[in-house]
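For reference, the structure is listed below as structure tokens.
Coordinate-derived values only; no laboratory data. This structure is a prediction, so every number in the text was calculated from the model and none was measured. A quick note on method: Cβ atoms are made from the backbone with ideal geometry, for glycine too, and the neighbour counts reach across all protein chains shown.
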């Protein structure tokens, strides 16, 4: 494993040297030296350096950028590995959040071919699942695998013909219900209805707001960053993983959207002011009822103390904010959307818990870098 990591590192280092858009051979060495400096002082990977164009970024962005290695060190303590399953498994997350009074889309049922028994809206076969949905008169629903992320493996059903056992998907395609389920665990949820304001930007997807929340030892909650993910016309998910989307930072204090981009992969990012399909304005638009929404999300975090640093995907509905998903580990892309790093906020929360000696037992760290090196990086303000 160690040899593999070394070879992988050398490969990405060579890739950075060869492919970085430098004007001269000398500048390539300058880029390489700059990366090695950031690796030594911040533990950054070659991929992070390249994707976020850190050679060209401001010193403030470079200083406050939180890379994967350092983030993993913080989150392994803030979100103990014993509790990963709470956020990672969508079925368990449903049950726990519902028990704490946190609003989510109605869970119609859970499908798992390996379940020991049925009942309690748990199905082992497609026929059992169909009967569970029929008993609730479900005509449309969202189907998700329990362990996936980034909008992968999401199916939206718009109509179910119970007599024929057929489902009409969001695309208009009809499929036999039994062939859609396969052999992986699935959850079946109610389709959420977002506010008219967000629907006017793109109606085909529920355009979720990502709230980064931090729970402190005194029970207070801070929101270091917020941004919105908006789908493209005709697509039923808002995540770039489904082939591109639109993202914008949200000013946490005011609720005003800004720095909107069209994201079609890391090599195809463009600034936009309006949605490229609907033409609806994004930059400068203030999200309705923003202070009340922020207060509700803080209460969600207080009700889930197992995960002290969470990334909430929130649907804004006419009834208020509704949780689509909660993440105990998240990628770094949001720092691109908000155009700044969030290292200082995550580190501040980490240090607050560390100083109070209130951490759970250490989980198993899985960083590429040695723990002693990470401790040195973390000690640097």
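Need the full-extension length gain, residue 178 to residue 303, defined as separation in residues times 0.36 nm minus the C-alpha distance. One decimal, nm.
Full extension from residue 178 to residue 303 adds 41.2 nm.
Top mean-square fluctuation among 207, 356, 69, Gaussian network model of the chain, C-alpha springs under 10 Å?
356
Of the beta bridges DSSP finds with both residues in the chain, what % are antiparallel, to the nearest 5?
95
Can you compute the FRET efficiency between residue 330 and residue 292 using 1/(1 + (r/R0)^6), with r the Cβ-Cβ distance and R0 = 25 Å? Round to the nearest 0.05.
After rounding to 0.05, the efficiency reads 0.55.
Run the simple label-point estimate for residue 153 and residue 26 please: 7 Å along Cα→C-beta, distance reported in nm.
5.3
Distances longer than 20 Å among the Cα atoms of region 53-208: what percent of all pairs is that?
Looking at region 53-208, the distances longer than 20 Å represent 60 percent of pairs.
How high is the relative contact order of the chain, in percent, counting Cα pairs under 8 Å that sit 6 or more residues apart?
19
Between the helical axis of 343-355 and the dominant principal axis of the chain, each derived from Cα atoms, what acute angle in degrees is found, rounded to the nearest 10?
90
With only alpha-carbon atoms counted, please give the Rg and Dmax of the chain, in Å.
22.2, 71
Just to verify a number: FRET efficiency for residue 82 and residue 193, C-beta to C-beta distance, R0 = 56 Å, to 0.05?
The computed FRET efficiency comes out at 0.95.
Using alpha carbons only, how many degrees (0 to 90, rounded to 10) separate the axis of helix 126-135 from the longest principal axis of the chain?
It works out to around 70 degrees.
Once the piece of chain linking residue 317 and residue 200 is laid out straight, how much longer is it, given 0.36 nm per residue of separation minus the C-alpha distance between them?
40.8 nm
Find how much the distance from residue 222 to residue 7 grows on full extension, using 0.36 nm per residue of separation minus their present alpha carbon separation; answer in nm with one decimal.
Numbers: separation 215, 0.36 × 215 = 77.40 nm, distance 4.02 nm.
Full extension from residue 222 to residue 7 adds 73.4 nm.
Relative to the longest principal axis of the chain, what angle (0 to 90°, nearest 10) does the C-alpha long axis of helix 68-78 take?
60
Show me 199-206, 86-93, 137-144 ranked by packing, highest mean number of other Cβ atoms within 10 Å first.
On the way: 199-206: 20.6, 86-93: 19.1, 137-144: 17.4.
Final packing ranking: 199-206, 86-93, 137-144.
Out of 307, 156, 371, any idea which swings most in a Gaussian network model of the chain, alpha carbons joined below 10 Å?
The residue with the greatest mean-square fluctuation here is 371.
Taking R0 as 45 Å, what's the FRET efficiency between residue 47 and residue 254 from their Cβ-Cβ distance, rounded to 0.05? Could you put the intermediate results ahead of the total?
Values: r = 33 Å, r/R0 = 0.74.
Efficiency at R0 = 45 Å is approximately 0.85.
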